[in-house]
1. Give LYS552, LYS519 a once-over and let me know the one that is in contact (Cβ under 8 Å) with a residue 60 or more places away in the chain and more than 16 Å from the ligand (Cβ to nearest atom).
2. If you take the residues of region 313-333 that are in contact (Cβ under 8 Å) with a residue 60 or more places away in the chain and within 12 Å of the ligand (Cβ to nearest atom), which of them is surrounded by the most Cβ atoms within 10 Å (Cβ to Cβ)?
3. I need the strands (runs of 3 or more DSSP E) fully contained in region 433-528, keeping only those with at least 1 residues that are of a type in the set (Lys, Arg).
4. I'd like the residue in region 288-309 that is in contact with a helix residue (DSSP H, G or I) (Cβ under 6 Å, 6 or more places away or on another chain) and in a helix (DSSP H, G or I) and, out of all such residues, is farthest from the ligand (Cβ to nearest atom).
5. Kindly establish whether ILE242 is surrounded by fewer than 24 Cβ atoms within 10 Å (Cβ to Cβ) and either over 17 Å from TYR102 (Cα atoms) or away from the ligand (no atom under 11 Å from the Cβ) (or both).
6. Among GLU419, GLU478, GLU472, which is free of Cβ contacts under 8 Å to residues at least 40 places away in the same chain, of a type in the set (Asp, Glu) and away from the ligand (no atom under 14 Å from the Cβ)?
7. Would you pick out the residues in region 369-410 that are modelled with pLDDT under 95 and of a type in the set (Gly, Ala, Ser)?
Amino acid sequence: MSNIGNYDERLKNFDWSISEKELGYKKGDVINIGWYCSDRICQMGKGNKMALIWEGLGGVEKKYTYNDVRLKSNTIGTFLRSLGIKNEDRVCLFMDKIPELYIGLLGILKIGAIAQPLFSAFGDDSLLVRLENAETSAIITQRKHLPKVRKIVEKMPFLKHIIIVDYDGKHPLRDKEVAFSMDEATPVEKFEIFPTKAESPSILHYTSGTTGQPKGVKHVHYSLISQYLTTKWVLDIQENDIYWCTADPGWVTGTSYGIIGAFSTGVTQCVLDSGFAAEAWYKFIEKNKVTMWYSAPTAIRSLMKAGDEIIKKYDLSSLRHLASVGEPLNAEAVVWSEKVFGKQFHDSYWQTETGSIMISNYPGMKIKPGSMGKPFPGITATIIDPETYEPIKEEGKVGLIAIKPGWPSMMRTYWNNEETYKNKFKNGWYLPGDRSTIDKDGYFWFIGRDDDIINTGGHLVSPFEVESALLEHEAVAESAVVSKPDDVNMEVVKAFVTLKPGFTASADLDLNIMNFIRKKLSPLAMPQEIEFIDTLPKTRSGKIMRRILHAKEWGEEIGDISSLEND
Ligand code: 6R9
């Protein structure tokens, strides 16, 4: 029996107090995610239950029980306090998927500070923009990422501490740098958790914005109410599950469901800290007897590409429930997963700003392959007309996805950017910036984004951020960045570039520009291709018409070009 039981029944009787009751929370109480994810599970008698089974490169393994997670998050919290870090200070986590990241986040929350997880592959420029915006007080990192931090440290007077979790004593530490070993530090039993309330800030996640400036999405401790219940009802986490969320906590899925959802439900989860490789993934599932697997379409398509033959080498019969998030999940992937795993991937739709799953396919509900499913109970979602902002009644008509504000894990603002936050609401609806249709049975079918943001392999890339990086190169006069189709990543980044006088297009220049921007962008935002052209299509008012370049790449009709300048 699934946790959600009958979806339609749940819709009728839904109230978020169901989640509050299960968590033993009453309005006005102290609510601290760090406590809920460790101390509470121990108080429930599960201190000896395995919380985290971690595997790194070369198969090294580390294991932590819920009691370990409780003590080590206390230890990290105590250490941060000893440095003078206090509630609401921003503390950045800049690490690979190592245990210190998972447990460190809880330690930060326990002292009431704000955790700012950032993907460890970010280059120094990307890191700087985000730390500057948040005026981050401390950064927790690994030796291997230290050079990037050192490169920008002079530009960050607000940054007081650089905490290195794997210092080997070989090279002297510099100003602001301090070593801390989570596993070697004396476990702290007595610890006073900061009494955060529902609206106390918890996590600051950065997401790509249409203006090129990344936006800091501010979440609060009350988000737990949504994250806990969606983990139970959508991911169907049960007492004896072995859960594997493949997302990196540098992105929201890795925190909402890789940390908060997982630990607050007291499940045993496993983490594989190495890049993607089909056989390694199957081996990991077999070895850990994974039962619940939450992954992403790009990974699933890569597994499809690796072929069905290798699957036969592994025993994957432990798999009980599969779900996916991040980009459109093609119907073929759902059909394929049923064929090879005997289970369908259940698509789920949400975003950094929503903090938890909004639309999904539930265990026991009929899946229509290619559809995102239906709104989570407690979520009122529809599609609205882009001009009138009124709900669309006609079946099959495309509209903007619109959600009634008020669920617990909704972002509270964009950090230092209240205006952009306000612009996300129209006519009483929150607009995630996506387009969809709804069929007669109430299923949502994703159409595309409503802005220029590129979703490559589940990672959002702002074309403006890439264009700005290109423009800094001495040879580049103008640039326009669009997506082009790709088998595995669905879409990849393509740049069009015009050159300044005195420069001519060549393979050398191409390489030179690529190397130049590589230092500025995250590897995920790197263009797969640069095309040199003489002029960019522009409107009479001088705006680059990315739409035309996009249509060309996708072999689509160009549409209305009456405002084109050079037609
Ligand atoms: C959780 C996460 C959010 C954007 C979102 C949409 C796209 C997410 C999707 C999907 C089609 C799905 N997206 N899930 N598109 N089908 N099931 O991915 O957060 O990184 O903020 O991205 O990703 O465009 O608005 P985030």
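1. Only one candidate passes the filter, namely LYS519.
2. If we take residues in region 313-333 being in contact (Cβ under 8 Å) with a residue 60 or more places away in the chain and within 12 Å of the ligand (Cβ to nearest atom), then VAL325 is surrounded by the most Cβ atoms within 10 Å (Cβ to Cβ).
3. Those strands (runs of 3 or more DSSP E) span 434-438, 444-449, 476-486, 490-499.
4. The residue in question is ALA306.
5. Considered against the rule, which asks whether it is surrounded by fewer than 24 Cβ atoms within 10 Å (Cβ to Cβ) and either over 17 Å from TYR102 (Cα atoms) or away from the ligand (no atom under 11 Å from the Cβ) (or both), ILE242 comes out as yes.
6. Only one candidate qualifies: GLU419.
7. Of everything in region 369-410, those that are modelled with pLDDT under 95 and of a type in the set (Gly, Ala, Ser) turn out to be GLY370, GLY396.
Residues are listed down the side, and each one gets a yes or a no for (1) over 22 Å from ARG81 (Cα atoms); (2) not aliphatic (A, V, I, L, M); (3) not assigned by TED's automatic domain parsing to the domain that holds TYR66:
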site: LYS155; (1), (2), (3): yes, yes, no
site: TYR167; (1), (2), (3): no, yes, no
site: LYS170; (1), (2), (3): yes, yes, no
site: GLU177; (1), (2), (3): no, yes, no
site: MET182; (1), (2), (3): no, no, no
site: ALA185; (1), (2), (3): no, no, no
site: GLU189; (1), (2), (3): no, yes, no
site: SER200; (1), (2), (3): no, yes, no
site: TYR206; (1), (2), (3): yes, yes, no
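The values are calculated or read from the model by the stated rules, or taken from the named source; none is laboratory data. Just so we're clear, the structure is a prediction, and the values are computed from it rather than from any experiment. Positions of Cβ are backbone-derived with ideal geometry, glycine not excepted, and every protein chain shown enters the neighbour counts.
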